[in-house]
Amino acid sequence: MSKLNTLKTQNPDLDISLIDALGLVYKTKYVEMYLNIYKTKKSKEDNNNEDDMTSFQIEMIDMGFNEKYVIDLSKKLSHIQQHFVSELISGINYRDIRSFNKFIELNERGLIDNKDVTSYKSMEDVLSQISIAELKLIDKELEKLVLKLHEDEEWLIIKPLTYESSKKYGAGTRWCTAAESEDYQFYNYTSRGILIYTINKKTGYKVATFKNLDKEHNRELSFWDTEDNRVDSLELNLPGDIMDIIVTDLKNCQQSNYALAPDEIKAINDNAKGDKKISSSLRTLGELISGRNISTISSGEVEGLYTTSTTDNTLNYEEPQQG
């Protein structure tokens, strides 16, 4: 017995076809009647729309499936089969499928620590492994696109300064500021306040923190878990010293992430916000920083904002000098 057949036997509630489903609610003669009507309808749609195949490919690729595999698969399936494959898979949960495919990609590249796929019982387990794996892919160029508040063997605290860095450091989460296909919320939050990502490099645990500084918006100080649920600070699994660093920054910093960025990074953000065709695509880091000389920055190097204590790594705010 093949592995798929074994899985069908082990999961009978999930082994059901469209015909089975229709048979549960209609008499057999009406099932046949509906299928005939449906096939005629789809045949007419296929004749009137030559882009059906392309639509299937785009939708599947957008869910994270390998492009070459999707193109090859589309050649083997009829238009009706394509429709049901995409509908059934996306119906599971669009975001979960995307994350699942990301896990597969990283695992096939040897970047996932826990390679026993039978041990995963929840999507939270999968997201944690994605988070840890993506940290391995962060290179020196990407580090230039964040403001680092703290890093030790276990914890990393950063302020993302670009959409690309936000996606990478926010990988394995549901945060709208790190969404793969939409950059609007990243620019929305970072232009009007403080956005901080706190990451456990060993477990993949992540917390997003936001403080609004824009007087045109309501006062807000919020914490968000990886599922993008707003949580109370007392619910966070953060050590006291890590929480102190976050709180110190929230108290002392009076500028948004956008305002803190060097001019070179501001130019990247301004260009992205001004060109929706570019900003909505998955640009490579090379395209982002091509021709730009960007130096790595840390919290202690933002002139007129912070001094960093070398003894306890806490941040102290200093008023910019006038004149």
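The values are calculated or read from the model by the stated rules, or taken from the named source; none is laboratory data. In this text, all values refer to a predicted model and were calculated from it rather than measured experimentally. Here the Cβ positions follow ideal geometry from the backbone for every residue, glycine too, while neighbour counts run over all protein chains shown. Accessible surface areas use protein heavy atoms only, side chains included; no ligands, DNA or RNA. Shrake-Rupley method; radii C 1.70, N 1.55, O 1.52, S 1.80 Å.
In the range 112-182, the convex hull through the Cα atoms has an average projected area of 5.4 nm², a quarter of its surface area. Here the range 143-199 is assigned +1 on the Cβ of each Lys and Arg and -1 on the Cβ of each Asp and Glu. Its dipole about the Cα centre then comes out at about 260 debye.
Rounded to the nearest 10 square angstrom, PHE65 shows an accessible area of 50 square angstrom against a 1.4 Å probe.
When +1 charges are put on Lys and Arg Cβ atoms and -1 charges on Asp and Glu Cβ atoms, the dipole computed for the range 136-263 relative to its Cα centre reaches about 120 debye.
Could you tell me what a quarter of the Cα convex hull surface of the range 175-223 works out to, in nm² with one decimal place?
Working: hull surface 14.7 nm².
Projected area, direction-averaged: 3.7 nm².
Which of LYS76/LYS121; LYS148/LYS266; LYS168/LYS273; LYS159/LYS206; LYS39/LYS102 have a Cα-Cα distance over 23 Å? Listed pairs above 23 Å: LYS76/LYS121; LYS39/LYS102. Taken over the range 27-127, the alpha-carbon convex hull comes to 134 cubic angstrom per residue. Close amide H pairs (under 5 Å, H built 1.01 Å from N) link LEU147 with LYS159, LEU161, residues at least 5 positions away or on another chain. In plain terms, the bigger the Kirkwood radius, the slower the diffusion; for the range 205-260, with that radius from Cα pairs, at 25 °C and 0.890 mPa s, Stokes-Einstein puts D at 198 µm²/s.
In the context of the full protein assembly, ILE132 retains an accessible surface of approximately 20 Å², using a probe radius of 1.4 Å and ignoring ligands and nucleic acids. Computed from backbone phi with θ = phi - 60° and the Karplus coefficients 6.51, -1.76 and 1.60, the 3J(HN,Hα) list for the range 188-195 is 4, 6, 6, 7, 10, x, 9, 10 Hz; x is used for glycine and proline. Note on the range 176-271: Cα-Cα pairs beyond 21 Å make up 36% of the total pair count. Principal axis analysis of the Cα atoms in the range 56-98 yields extents of 26, 20, 11 Å, listed in decreasing size.
To two decimal places, what compactness ratio does the range 75-134 give when its Cα radius of gyration is scaled by 2.2 N^0.38 Å?
On the way: Rg = 14.0 Å, N = 60, 2.2 N^0.38 = 10.4 Å.
Relative to the 2.2 N^0.38 Å estimate, the range 75-134 comes out at 1.34.
The mean of 1/r over all distinct Cα pairs in the range 125-227, once inverted, gives the Kirkwood hydrodynamic radius of 13.7 Å. Rounded to the nearest 20, the Cβ-based charge dipole of the range 189-236 about its Cα centre (Lys and Arg +1, Asp and Glu -1) stands at 260 debye.
In loop segments of the range 74-171 as defined by DSSP, the trypsin sites (Lys or Arg not before Pro) with at most 15 further C-beta atoms inside 10 Å of their C-beta are ARG109, LYS115, LYS121.
What percentage of the solvent-accessible surface of the range 139-212, computed with a 1.4 Å probe over protein heavy atoms, is contributed by carbon and sulfur atoms?
Details: 1010 of 2190 Å².
Carbon and sulfur atoms account for 46 percent of the accessible area of the range 139-212.
In terms of overall dimensions, the C-alpha atoms belonging to the range 151-207 reach 32, 21, 15 Å along their principal axes, ordered largest to smallest.
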